[in-house]
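Report on the following structure.
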Amino acid sequence: MKLRRSIIFLSFITTLITISSSAQINSPTKVNNIDFSKITQEQIDHLGITDINHLSAASKRALMWPTDLGNDWFVEFSNLSPLKGDLAYEEGVVRRDPSAIIKENGKFYVWYSKSTGPTQGFGGDVENDKVFPWDRCDIWYATSKDGETWKEEGLAVPRGKAGAYDDRSVFTVEIMKHEDKYYLCYQTVKSPYTVRVKNQIGLAWSNSPDGPWTKSKEPILSPADNGIWKGEKQDRFAVERKGDFDSHKVHDPCIIPYNGKFHLYYKGEQMGEEITFGGRQIRHGLAIADKPEGPYIKSPYNPISNSGHEICVWPYNGGIAALITTDGPEKNTIQWAPDGINFEIMSVIPGVSAHAIGLNRTSDNEKEPTEILRWGLSHIYNSWNYQSIMSYTSKTKKQHRAKGE
Ligand code: AAL
């Protein structure tokens, strides 16, 4: 199958460094079991290689590229555009991390984190201050006829009562519709919001996108408990043992019905986080359930991505595709897993201004691998204190011609 052949090649992209360091200069023999003596004249012509007897490391890699990958996975994102109506930027208000967009009752629906007031950070009284823009959030929702002008409809899921696992903040929400029922999954924090506080994932469900929402009594996912802090001081970098990739926080949940099960993709943050590959040490995980409400069992294959930040996943061609941004050696790639677990790089894309993407789930995601990315929502930092939701578009490159050509 075309896609599968491409995948074989694309796993090659991830081993570029290994190959380039092991390729024998000036020797067109075998690298990664590719027999360079079988190269056709057509391949040489297509790649513009000067001398088959002097293949550079780059040419050897190029000879392993598939000829049938096409350009559909290679997208360019636009800059972000402000929204109108109630979701236009509002001083003093945080609206961020939009969910996917669904269409119900003739209107687009989106859910998001909302809070008010400036952020004090961790330097003062964490019991009473606001430590992050996403601290002291509730989940609100808005609707729109055209995707540009939005009406804020009100509160969807509030924080829990004092003492509950979600009493401090509920935020970074994702929507799933399944069999006429609606599910919101989101991050939760229990007070006090210290730098070492563990973040969990909660779920709420309703028969209508307008609610009322019933919240899960317990979190549906928690961090791995095999990390050990060093000392009592609130220092998230001091650890005796780091533990699994998600030993500190489970974030950015997104549930996708997949092969009769429910795949919960999430971002993991590890205790004792380091800077690696020039960014934060962020990985992605998967937990699988038989029912939307859970129980969700973490995959033994975790982590399923060693790069990326906010989860952005969609079904495509029997597998799951993922936009990987911001952190890790594979940032700015689009990947695809034929089984929803084993992701391979399909394309490398320019750095995106669209982060924390709310995908347009109303699109025909089978039309093209990246059709779902043509339009959607994101957020922007108007300042460290305040963020607002904006929209993006994307396109694939079809041609490159001079004016009048
Ligand atoms: C986001 C997400 C999570 C983090 C914060 C709010 O972009 O990764 O939601 O907690 O930043």
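A single member of Ser222, Ser216 is within 18 Å of Lys198 (Cβ to Cβ), within 16 Å of the ligand (Cβ to nearest atom), surrounded by fewer than 24 Cβ atoms within 10 Å (Cβ to Cβ) and small (Gly, Ala, Ser), and it is Ser222.
Residues that are touching a residue at least 60 places away in the same chain (Cβ under 8 Å), touching a Ser or Thr at 6+ places or on another chain (Cβ under 7 Å), charged (D, E, K, R) and away from the ligand (no atom under 16 Å from the Cβ): does the stretch 338-357 have at least one? Checked against the condition, which is being touching a residue at least 60 places away in the same chain (Cβ under 8 Å), touching a Ser or Thr at 6+ places or on another chain (Cβ under 7 Å), charged (D, E, K, R) and away from the ligand (no atom under 16 Å from the Cβ), the stretch 338-357 yields at least one hit.
Only one of the listed residues (Glu293, Glu240, Glu274, Glu232) is assigned by TED's automatic domain parsing to the domain that holds Ala100, under 22 Å from the mean Cα position of the chain (by Cα) and over 22 Å from Asp138 (Cα atoms). That residue is Glu274. Here Pro315 does not fit the description of being more than 15 Å from the chain's Cα centre (by Cα) and either at pLDDT 95 or above or surrounded by 20 or more Cβ atoms within 10 Å (Cβ to Cβ) (or both). Considering each residue of the stretch 192-201 in turn, none proves to be in contact (Cβ under 8 Å) with a residue 12 or more places away in the chain, of a type in the set (A, V, I, L, M, F, W, C) and more than 13 Å from the ligand (Cβ to nearest atom).
For the stretch 358-367, a residue qualifies if it is assigned to a loop (DSSP other than H, G, I, E, B) and either free of Cβ contacts under 8 Å to residues at least 24 places away in the same chain or within 23 Å of Phe171 (Cβ to Cβ) (or both), and the qualifying residues are Leu359, Arg361, Ser363, Asp364, Lys367. Looking at the stretch 38-120, the strands (runs of 3 or more DSSP E) lying wholly inside it that each contain 3 or more residues that are within 16 Å of the ligand (Cβ to nearest atom) sit at 93-96, 107-116.
Consider the stretch 121-141 and keep the residues that are hydrophobic (A, V, I, L, M, F, W, C) and more than 25 Å from the chain's Cα centre (by Cα). The one that is farthest from the ligand (Cβ to nearest atom) is Val126. Within the bounds of the stretch 285-302, is there any residue that is within 16 Å of the ligand (Cβ to nearest atom), closer than 22 Å to Val170 by Cα and either in contact (Cβ under 8 Å) with a residue 40 or more places away in the chain or surrounded by fewer than 19 Cβ atoms within 10 Å (Cβ to Cβ) (or both)? So far as the stretch 285-302 goes, yes, one or more of its residues are within 16 Å of the ligand (Cβ to nearest atom), closer than 22 Å to Val170 by Cα and either in contact (Cβ under 8 Å) with a residue 40 or more places away in the chain or surrounded by fewer than 19 Cβ atoms within 10 Å (Cβ to Cβ) (or both).
The values are calculated or read from the model by the stated rules, or taken from the named source; none is laboratory data. Note that the structure is predicted; figures quoted are calculated from it, not measured. Counting neighbours? That spans all protein chains shown, and the Cβs are built from the backbone with ideal geometry, glycine included.
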